[in-house]
Amino acid sequence: MKPALKDFVIGNPFYRWYFVRLNGEKSLPEGQTIADVHKRFLKRILLDDHDLNSFMINKTVTHTRSTKDTQVEDVIQLKVEAGDFSSINIELKEMVEKFWNHGSKSVSIEWVEKESSSSFEKDGIFSFLLNLEVGRRSWVNTGTGTVNLVQPTRIGSIAHEFGHVLGFVDNYHTTWNAQTCKYSFESLPSDIMSESFGGKVSDTHWKELEERYPVVTP
């Protein structure tokens, strides 16, 4: 396995589960063999490779449009819980919004505090969590609605994970080379959902947001 792909697999919480068992670092699930886990691993990669065009709707999002001095302005507003980052929620909001704002189109975060009896399944509100586990990468759990950030975390990584909160899926994937019998990791350097190192928000992202979240008429 190439170093770049190995680092990606180890750092990705979904792939890492398989890797540490195939590598012998963790015991196999009861009743399963190496071959069983390998099949599950390949299936997971194939699912990721064929899931590039999907989009996860955030039900807290509202899309409004207004005209100011002949300039049409779009605002995507959504509810998020600052969680472990409540003490710096102003700075976090400013950084994320600045990154995702694009011309006359802007993102607006509304910080909310979830009730103890609430759940992501019910309210659809994502929560920011600080993960102190050494050697991990930041990730979003779309099942529990948590944005898990590690330390230190670059603004590009935070913006990438916030893209998942908006509904975007990862735009990087693995491909199989039959000639070399190896997997390779591919990404698009200019796309923030593909590469957090230097990736940006583009017209394509906002076109997707406008299509997925129709304008709400007052």
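The values are calculated or read from the model by the stated rules, or taken from the named source; none is laboratory data. Here the structure is a predicted model, which means the values were calculated and not measured. Note that each Cβ is placed from the backbone with ideal geometry, even for glycine, and that neighbours are counted across all protein chains shown.
The rows are residues; the columns are (1) of a type outside the set (A, V, I, L, M, F, W, C); (2) in contact (Cβ under 8 Å) with a residue 60 or more places away in the chain.
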| position | (1), (2) |
| --- | --- |
| 131 | yes, no |
| 155 | no, yes |
| 159 | no, yes |
| 179 | yes, no |
| 193 | no, no |
| 196 | yes, no |
| 212 | yes, yes |
| 215 | no, yes |
Which numbered condition residue 36 misses (of (1) surrounded by fewer than 16 Cβ atoms within 10 Å (Cβ to Cβ); (2) of a type in the set (D, E, K, R); (3) within 20 Å of the chain's Cα centre (by Cα); (4) modelled with pLDDT under 95): (3)
Lone unmet requirement of (1) of a type outside the set (S, T, N, Q); (2) at pLDDT below 90; (3) touching a Lys or Arg at 6+ places or on another chain (Cβ under 6 Å) for residue 137: (3)
Subset of region 49-63 [in contact with a strand residue (DSSP E or B) (Cβ under 6 Å, 6 or more places away or on another chain) and at pLDDT below 90]: 49
Cross-chain or 6+ apart pairs with Cβ under 9 Å, region 92-112 first and of a type in the set (Asp, Glu), then surrounded by 15 or more Cβ atoms within 10 Å (Cβ to Cβ): 97/106; 97/107; 97/109; 110/60; 110/77; 110/78; 110/79; 110/80
Residue that is at pLDDT 95 or above and among the hydroxyl-bearing types (Ser, Thr, Tyr), where the choices are 27, 106, 66, 116: 106
Count of residues meeting criterion [hydrophobic (A, V, I, L, M, F, W, C), in a strand (DSSP E or B) and surrounded by 12 or more Cβ atoms within 10 Å (Cβ to Cβ)] in region 52-101: 5
Criterion violated by residue 159 - all others in (1) among the small types (Gly, Ala, Ser); (2) buried (at least 18 other Cβ atoms within 10 Å of the Cβ); (3) at pLDDT below 95 satisfied: (3)
